[in-house]
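Below: the structure, in structure tokens.
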Amino acid sequence: MTTPAPSSFDVRPLEREDRDQALDVVWRAFGWGYRQDSVDDVFAGRSIEADRTLVAVDASSDVVGTASAYSLRMTMPGGDLQPVAGVWMVTVAPTHRRRGVMTAMMRRQLADLAAGGEAVAALWATEAGVYGRYGYGIASWRQPIEVDLSRAAFTPHARDLAARSPARLHLMSPDDALPHLTAIHDGILGARPGTLARDADRWQFLLGGGDGRPPAEVVVAIGPDGPTGYAAYRVREGKPGLVPTGVVAVQEVSATDPATHAQLWRYLLDLDLLSTLVCESRPVPDPLAHLLVDHRRMHARLDEALWVRVVDVERALGARAFAAPVDLVLDVTDDVVPANAGRWHVVVAEAGGTAVVRRTDARPDLSLDVGDLGAAHLGATPLHVLALAGRVVEHTSGAVAAASAAWSWSPTAHTAEIF
Ligand SMILES: CC(C)(COP(=O)(O)OP(=O)(O)OC[C@H]1O[C@@H](n2cnc3c(N)ncnc32)[C@H](O)[C@@H]1OP(=O)(O)O)[C@@H](O)C(=O)NCCC(=O)NCCS
């Protein structure tokens, strides 16, 4: 193993003249190949928020690292939409790795957020081993699924349910479907923690074509009172032959009622000339398993989804609901944002209420790292499981059970899109 040469670097906000070099670092780091769009095109719209982007520059003022954030709005337990910093574009030039460039950028980004940004940051990690050290914890989970279409029969109950939907299905281009998709998405936004508000750029990113990817097919269910659901998918043609081998890759299925949900799945599972249905991100647990006679043909794998970082304990806990009343003192460690460290008295007066959080010197009931508070923040990673893993330590009998019941949330958090 070679030891990297010592080097000095600075982390500072992106300036206009850094943009070209910054994009080169990003494109190379993610292995995206040749960059076709001009710098202005890439920075147009909100695909990169230039004013939320940091760069690391070396002694020659060359850009050697980048870190950015989207200004997201995410549903918290209880249904409120809260601002969240969607961290992404964390890249370091291969020539400057393993000498602390990422660490310096992540610390600067969190310091900036703590000084007046969002109370919570979230990200999708390319590698599991990277972000725990900065106080992020795994806050939601997803299942990539693969369904054998030859064995995807519905139960009699599911067949009846789908048949009872009064909606008719309409195939549309993403552009034509957009007003319907927006209405449906806005309608379900508050139902599940982790759901993100979407603007036109985000819809385009999810459903549009480009980089060799065709635009999605969109099927919209429209009932007597308006749209009630949609499915977005892309078909990958199989090899020529007598037996179909094509794949339908489902982007997402969204419905406002169980009958439309069943109807849309029946549509997808009945597409002809295909052998397999895949979907990268299904919620855990997935209601689809309960529509199928043979759910074992729905091969599912448990994967991590969002990593969450509580940037400001007081504000973050005051901006989500808790499932049960609780009155506890937490002793929190935080090696990156010192203002979070120490003892906090957390009081939730009633089920469904938010927490009032105050500094205290009282004896702690529980000790935990801020990464574990992040993991528990969307209600999908139970504190009692973190306690079994030795990450949450109980000092008062019953405190883990009480905290776990309060922090957990149903339905479980799910974020359909990777950002
Ligand atoms: C991941 C990446 C940003 C790390 O940058 P870096 O400047 O080399 O990271 P640092 O030197 O600050 O490393 C900090 C720590 O993280 C560890 N680390 C770095 N990359 C890691 C990886 N891919 N997996 C696990 N640990 C990693 C380092 O070993 C170091 O550990 P230590 O503090 O115990 O010594 C860089 O390798 C990269 O650009 N990779 C490709 C793009 C990517 O995956 N980005 C992440 C997007 S989510």
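Descriptive notes on the structure:
- Taking a point 7 Å out from the Cα of Met172 in the direction of its Cβ, the residues of region 209-224 whose backbone N falls within less than 17 Å of it are 209, 215-224.
- Within the chain, longest stretch free of exposed trypsin sites (Lys or Arg not before Pro) [DSSP loop, at most 16 other beta carbons within 10 Å]: 99-300
- Apolar share of the accessible surface for region 9-118: 46 percent from carbon plus sulfur atoms, 1.4 Å probe.
- The chain: DSSP helices with Cα axial extent of at least 18 Å and average Kyte-Doolittle hydropathy no lower than -1.0: 101-114, 174-188
- Given +1 at the Cβ of Lys and Arg, -1 at the Cβ of Asp and Glu and no other charges, the dipole of the chain around its Cα centre is 760 debye to the nearest 20.
- Normalised contact order of region 147-304, rounded percent, pairs of Cα under 8 Å and 6 or more residues apart: 31 percent
- Surface analysis of the chain yields an accessible area of 47 Å² per residue, using protein heavy atoms and a 1.4 Å probe.
- Among 346-352, 116-122, the order from most to least packed when residues are scored by Cβ within 10 Å on average: 116-122, 346-352
- Between region 315-369 and region 101-159, the Cα center-to-center distance that results, in Å: 23 Å
- Ranking Pro364, Phe322, Gly374 by how far each Cα lies toward the positive end of the dipole of region 280-375 (charges on Cβ) leaves Phe322 at the top.
- Region 235-391: translational diffusion in µm²/s, Stokes-Einstein, Kirkwood Rh over Cα pairs, 37 °C, 0.692 mPa s: 171 µm²/s
- Value of Rg/Rh across the chain [Cα atoms, Kirkwood radius]: 0.99
- In a reduced charge model with +1 at each Lys and Arg Cβ and -1 at each Asp and Glu Cβ, region 297-354 shows a dipole moment near 300 debye about its Cα centre.
- Among Thr182, Gly229, Pro240 - extreme Cα towards positive end, dipole of region 175-299, charges at beta-carbon: Pro240
The values are calculated or read from the model by the stated rules, or taken from the named source; none is laboratory data. Values in this document were obtained by computation on a predicted structure and should not be read as measured data. Here Cβ is always computed from backbone atoms with ideal geometry, including for glycine, and neighbour counts include all displayed protein chains. Each accessible area value is taken on the protein alone, full model and side chains, heavy atoms only, with ligands, DNA and RNA left out. Shrake-Rupley method; radii C 1.70, N 1.55, O 1.52, S 1.80 Å.
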